[in-house]
1. Restrict the check to the stretch 293-308 and report whether at least one residue is under 13 Å from the mean Cα position of the chain (by Cα), within 16 Å of the ligand (Cβ to nearest atom) and over 16 Å from Ala49 (Cα atoms).
2. Here are some residues: Ala384, Ala326. Which one is of a type in the set (Gly, Ala, Ser), surrounded by fewer than 20 Cβ atoms within 10 Å (Cβ to Cβ) and in a helix (DSSP H, G or I)?
3. It is to be established whether one or more residues within the stretch 107-125 are exposed (fewer than 14 other Cβ atoms within 10 Å of the Cβ) and more than 16 Å from the ligand (Cβ to nearest atom).
4. Being of a type outside the set (Phe, Trp, Tyr), open to solvent by 50 Å² or more (accessible area, probe 1.4 Å), within 16 Å of the ligand (Cβ to nearest atom) and under 22 Å from Ser338 (Cα atoms): is that true of Asp204 here?
5. Within the stretch 251-270, track down each residue that is touching an Asp or Glu at 6+ places or on another chain (Cβ under 9 Å) and not in a loop (DSSP other than H, G, I, E, B).
6. Just to be sure before I move on: is Gly185 within 16 Å of the ligand (Cβ to nearest atom) and touching a strand residue (DSSP E or B) at 6+ places or on another chain (Cβ under 9 Å) in the structure I sent?
Amino acid sequence: MRIVEIRESAVPLQANIQNAVVSFADHTVSLVAVVSDVIRNGKPVTGVAFDSIGRYAQSGLLRERFIPRLLKAKPDDILDPSGGAIDADKALRVMMRNEKPGGHGDRAHAVAAVELALWDLNAKLAGIPAWKLIADKFGVEARERMPVYAAGGYYYPEDSLGRLKDEMKSYGDMGYTSFKMKIGGASLAEDMTRIEAALSVVGDPNVLAVDANGRFDTPTAIAYGKAMAGYGLRWYEEPGDPLDYQLMADLAAVYDRPLATGENLFSLRDVDNLIRHGGMRKGRDLFQMDPALGYGLGEFARMIKAMEAAGYARAQLFPHGGHMIALHIVVGLGLGGSEAYPGVFAPVGGYAPDCTLEGGGIAPGPLPGFGLEAKPDLAPHIAALTA
Ligand code: MG
C-alpha cells in the first residue's frame, strides 16, 4: 500500500456565536484527505479527517511542511509490518522531522488532521469502524455509547435570560440529559442569575456544567468558585489561562466541586505539567484534551498513559470536540464522554444521522472509518476534496 496524494481544504465553520473570549464567525477547519493506491469499487481508499473546532485551518503548515515530508517518506518509514496499513506513530515521527521540541501551537493541529486521516484510512482498509480499530489497537474494552452533553448556553444581545432558558429547554427536547453553559462574558452577579435561570429549566445541578473559556485571573476564578459553591454544579471548566497551572491548583484548594481543563493543551509535556502542578484531584476533576488539536491519537494515548500512571482514571477524560472523530475515540478508548454543539459548528461539528442519541449517550454508526461521509453537511466538502 502506498500514499498517492494528500489534499487539504479550509472549510468555514457555521458559527455566528462567541464565548467569553472568542468569536467563531471567521473560524475555519482543515479537512484532509490521504489518498491510497488501493482501489475498491472503482475508487481509491481515502482516509479523511480534520483538525478540531476552535483553532483555524492550518493550510500553510500542511502544504509547506507536513504533507511534503510524509509524501517523501520511503514505504518502510511509514508502513506497519504487514505492509498493508500505515503505522501512525512512524508517520508522526516522519512529519515531525526537523521540528524543535516545545512551542506546541498550530502545528499540533496540522499534524493531528493528517494523523487522524491515517487512522481513518487504516480503518477503511480493514473495513471496520474507527472505534473498533482503536479499541483493538490499544487493547481496550470499547464503550457501547459515548455519554454526551449539550454544550452551549451562550450570551444573547436581547432577552438573554429568556433565550438561555429556551436554549436549555430545546436541548432537553432533543434528548440531551446534561448541559453546559458559558460564564465569564458578563459580571459575576449577572452570571449567577444566568446559572439560576438555567437551573430553573434543567433542575438538577448535577447535570449542569459551566465554562469560562480561560477568561479569569486567579482572584476572579476564586470569586466565581466561592459564588458557585452552593449550587453543586457538575463542573467548572477552564477558569483561567490554560497554561496557568498554579491558578488551577489555587482554585482546587478552595473549590470542592469538580474542575475541568485541558482542551487547550496540545502535547504530552503540557499534560505532564498539568498533572505535576495543576492540583488536579483524582476521581474528581476532568481532563479535556482533544486529539484533533494535539498531534492526533498517538500523542493522545500517551497523555492517557501519563494520567493513569499518576493515578487518574480514563473516565475522568472528556475530550473537547463535539464531532464524529471524538465520538469514535471516546467509544474506542472507553473514556468518560464528550460534548455536542447542537445547531452550531457545522459542517464538522455534530454527529451523523445514523449516530443515535439514547439515554444521554450517542453511538457511532456502522460505516468503516470515522463515518464522516455519513454526515450530510460534511459529505459535499469531502466529495469536492476527493473528486
Ligand atoms: Mg471549553
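The values are calculated or read from the model by the stated rules, or taken from the named source; none is laboratory data. It should be emphasised that the depicted structure is a prediction, and the values quoted were computed from it without experimental measurement. Because the Cβ atoms are built from the backbone with ideal geometry, glycine has one as well, and the counts that use them run over all protein chains shown. Ligands, DNA and RNA are stripped out before the accessible areas are found, and what is left, the full protein with its side chains, is counted by its heavy atoms. Shrake-Rupley method; radii C 1.70, N 1.55, O 1.52, S 1.80 Å.
1. Residues of the stretch 293-308 that are under 13 Å from the mean Cα position of the chain (by Cα), as a first pass: 293-297, 300.
So of that shortlist, the ones also within 16 Å of the ligand (Cβ to nearest atom) come out as 293-294.
Next cut, over 16 Å from Ala49 (Cα atoms) only: none.
Within the stretch 293-308, not a single residue is under 13 Å from the mean Cα position of the chain (by Cα), within 16 Å of the ligand (Cβ to nearest atom) and over 16 Å from Ala49 (Cα atoms).
2. Values: Ala326 fails: surrounded by fewer than 20 Cβ atoms within 10 Å (Cβ to Cβ).
After applying the criteria, what remains is Ala384.
3. Of the stretch 107-125, the ones exposed (fewer than 14 other Cβ atoms within 10 Å of the Cβ) are none.
No, that holds for no residue.
4. Working: of a type outside the set (Phe, Trp, Tyr): yes; open to solvent by 50 Å² or more (accessible area, probe 1.4 Å): yes; within 16 Å of the ligand (Cβ to nearest atom): no; under 22 Å from Ser338 (Cα atoms): yes.
So Asp204 fails the test.
5. Ala252, Leu259, Ala260, Thr261, Leu268
6. Values: within 16 Å of the ligand (Cβ to nearest atom): yes; touching a strand residue (DSSP E or B) at 6+ places or on another chain (Cβ under 9 Å): yes.
Taking the combined requirement at face value, the residue satisfies it.
Quick grid of which residues meet (1) closer than 30 Å to Trp119 by Cβ; (2) surrounded by 17 or more Cβ atoms within 10 Å (Cβ to Cβ); (3) not basic (Lys, Arg):
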site	(1), (2), (3)
Leu133	yes, yes, yes
Pro147	yes, yes, yes
Ala150	yes, yes, yes
Tyr155	no, yes, yes
Leu161	no, no, yes
Asp191	no, yes, yes
Ser200	no, no, yes
Gly214	yes, yes, yes
Ala223	no, no, yes
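Per-residue answers, yes or no, for (1) in contact (Cβ under 8 Å) with a residue 24 or more places away in the chain; (2) more than 16 Å from the ligand (Cβ to nearest atom); (3) of a type in the set (A, V, I, L, M, F, W, C):
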position: Asn19; (1), (2), (3): yes, no, no
position: His27; (1), (2), (3): yes, no, no
position: Asn41; (1), (2), (3): no, yes, no
position: Leu61; (1), (2), (3): yes, yes, yes
position: Ile67; (1), (2), (3): yes, yes, yes
position: Ile86; (1), (2), (3): yes, yes, yes
